[in-house]
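Colleague: This structure is in structure tokens; I'll ask about it shortly.
The values are calculated or read from the model by the stated rules, or taken from the named source; none is laboratory data. Here the structure is a predicted model, which is why all the values come from computation and not from measurement. As a convention, Cβ positions derive from the backbone with ideal geometry for all residues, glycine included, and neighbour counts pool all protein chains shown.
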Amino acid sequence: MHQAIASSGLTASAPKKRRSRRKRYIIIAVLLLVVGWIVTSIILGKREKPIPVVTEKAVQKTILQTVSATGKIQPEVEVKISPEVAGEITELPVVDGIRVKKGDLLLKIKPDSYKALLEAQVAAISAAQATSAQLKAAAAKAETDLRRSQDLFTKRMISESEFTAAQTTHDAAKSTYESSLHEIERAEAGSSQARDALSKTTIDSPMDGTITVLNSKLGERVVATNQFAGTEVMRVADLSKMEARVDVNENDVVTVKVGDKATIVIDAYGERKFRGTVAQIANTGKTTGAATQEEVTNFEVKIHIDDNDVQLRPGLSCTAEIETDIVQNVVAVPMQSVTIRTGDSNMSPEEIERKRLKQSAGDKGDNEAEYTNEKLKKKEEKEEREKAAKVVFLKKGNKAELVKVTTGIADDTYMEIKSGVQPGDEVISGSYSAISRKLKDGAKVEIDKGDKK
């Protein structure tokens, strides 16, 4: 009986041992799985993640380089009418916007005072002529007396003092007569000036055109231009020849040439485009906001408008696109694809700057050491600037390949590539952060499907 109890005890303890071993195996397996998962995560985390990018194919196309500028529409020929004499406007037969012919009366200034001045000068001429006639007779008498005195002095019938007195009287009479002749000339000049002033009280149109500005009214007194700025009464302009006067930035004006074609959009005419030709470029720039952060220097460019089928008005706002250069059938890539790598061609400008700041923070020591470090930094910066290059990144499989390129002109969206890229190459065109900072030669990339959509 004891043997039966012992055998039943052994039989019950065997399953317990098997269950405990099974639990240990399960726990060990779970621990191994957890450890494996952690190790795998660490390894995967250390692996390089692909940079999401957008690509486009390099194409062969025509690139038209343009310069954009804004300004106003103005007549090519516009004359400001300001009187040369002062006075009251007594006649003003024109109104704003009326067409006039050359020689038509524009305005008349009250002439009474100028007529009186002319009459006074004519009278002065008559008086001078009468005085000159009297002095001429006196000079003739003095000459006769001098001849008689000379004859008597030769015959020793008068003294030398009497002869000298006769000669002096003759010389004085002759000089007075000559002075009277100059007085006549002076009176005639005054008369001519008065007659000219009287003629200027009437102003006629100097050209065929249209009254574009009328500042004065009938009965108004105007100031002359001989001593002051004068009163601008009106303007006469030829509206058949109009031009766009636009301000071109100093960085762009160097590419603009006389004869360049332009497309002009006038706000009042919606999307219609007018054709034009650059006629004149200012030699001196106009600076606004001097000595401030908003300082801008522009050059005025005059563009002749070739289309004359509509009547344009002075002062209309416009925008001009000046065609400065064009190339046919060249390799082109999106403008944002081209970036700059400085120094080490695989380092972005931001990385170069961080490197420089790090070097600056570590360069501490005595004065001689600081001076040496400063010279070395300047030399390195100069070398990095000299090594600066324009590059693009091509997508080769799942990696980015850095390629140095030579660029040409550009339009609003594409840039000409003279060397380094061939038509059909897959060029990385986005994102901006990827191109300017993240991408390096050999970096792993993948197509950003979200951006593609």
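Colleague: Taking the criterion of being under 20 Å from residue 222 (Cα atoms) and touching a Phe, Trp or Tyr at 6+ places or on another chain (Cβ under 9 Å), would at least one residue in the range 61-71 satisfy it? Can you show your working first?
Modeller: Within the range 61-71, the first condition is being under 20 Å from residue 222 (Cα atoms), and the residues that meet it are none.
The answer is no, given that none of the residues of the range 61-71 is under 20 Å from residue 222 (Cα atoms) and touching a Phe, Trp or Tyr at 6+ places or on another chain (Cβ under 9 Å).
Colleague: Which condition number in (1) modelled with pLDDT of 90 or more; (2) surrounded by 14 or more Cβ atoms within 10 Å (Cβ to Cβ) is the one that residue 163 fails?
Modeller: Only one criterion in (1) modelled with pLDDT of 90 or more; (2) surrounded by 14 or more Cβ atoms within 10 Å (Cβ to Cβ) is unmet by residue 163, namely (1).
Colleague: Of all residues in the range 254-278, how many are within 12 Å of residue 301 (Cβ to Cβ) and crowded, with 17+ Cβ neighbours inside 10 Å?
Modeller: 6
Colleague: Inside the range 405-453, counting only strands (runs of 3 or more DSSP E) that do not spill past its ends, which hold 1 or more residues that are touching a residue at least 40 places away in the same chain (Cβ under 8 Å) and charged (D, E, K, R)? Spell out how you get there, then give the answer.
Modeller: Values: elements: 406-410, 414-419, 426-430, 445-447.
By residue number, 414-419, 426-430, 445-447.
Colleague: In this structure, is residue 151 surrounded by fewer than 14 Cβ atoms within 10 Å (Cβ to Cβ) and either in the same structural domain as residue 101 (by TED's automatic domain parsing) or within 30 Å of residue 106 (Cβ to Cβ) (or both)?
Modeller: On the way: surrounded by fewer than 14 Cβ atoms within 10 Å (Cβ to Cβ): yes; either in the same structural domain as residue 101 (by TED's automatic domain parsing) or within 30 Å of residue 106 (Cβ to Cβ) (or both): yes.
Yes; evaluated as a whole, the condition is true for this residue.
Colleague: Is it true that some residue in the range 169-178 is acidic (Asp, Glu) and in contact with a strand residue (DSSP E or B) (Cβ under 6 Å, 6 or more places away or on another chain)? Step through it out loud before you land on a result.
Modeller: Let us first name the residues in the range 169-178 that are acidic (Asp, Glu), namely 171, 178.
Pick out the ones that are also in contact with a strand residue (DSSP E or B) (Cβ under 6 Å, 6 or more places away or on another chain) and you get none.
No.
Colleague: Can you name every residue in the range 229-248 that is in contact with a strand residue (DSSP E or B) (Cβ under 8 Å, 6 or more places away or on another chain) and among the hydroxyl-bearing types (Ser, Thr, Tyr)?
Modeller: In the first step, residues of the range 229-248 are kept if they are in contact with a strand residue (DSSP E or B) (Cβ under 8 Å, 6 or more places away or on another chain); the result is 230-239, 241-248.
Selection gives 231 alone.
Colleague: Can you find a residue in the range 416-423 that is at pLDDT below 90 and of a type in the set (Lys, Arg)?
Modeller: No, because not a single residue in the range 416-423 is at pLDDT below 90 and of a type in the set (Lys, Arg).
Colleague: Turning to a different aspect of this structure: I need the full set of residues from the range 298-312 which are under 14 Å from residue 284 (Cα atoms) and of a type in the set (A, V, I, L, M), in order please. Walk me through how you get there before you give the answer.
Modeller: Filtering the range 298-312 for residues under 14 Å from residue 284 (Cα atoms) gives 298-302.
Of everything in the range 298-312, just one residue is under 14 Å from residue 284 (Cα atoms) and of a type in the set (A, V, I, L, M), namely 301.
Colleague: Quick one: which of 79, 67, 122, 85 is in a strand (DSSP E or B), at pLDDT 90 or above and touching a helix residue (DSSP H, G or I) at 6+ places or on another chain (Cβ under 8 Å)? Walk me through how you get there before you give the answer.
Modeller: Values: 79 fails: touching a helix residue (DSSP H, G or I) at 6+ places or on another chain (Cβ under 8 Å); 122 fails: in a strand (DSSP E or B); 85 fails: in a strand (DSSP E or B).
Checking each option against the conditions leaves just 67.
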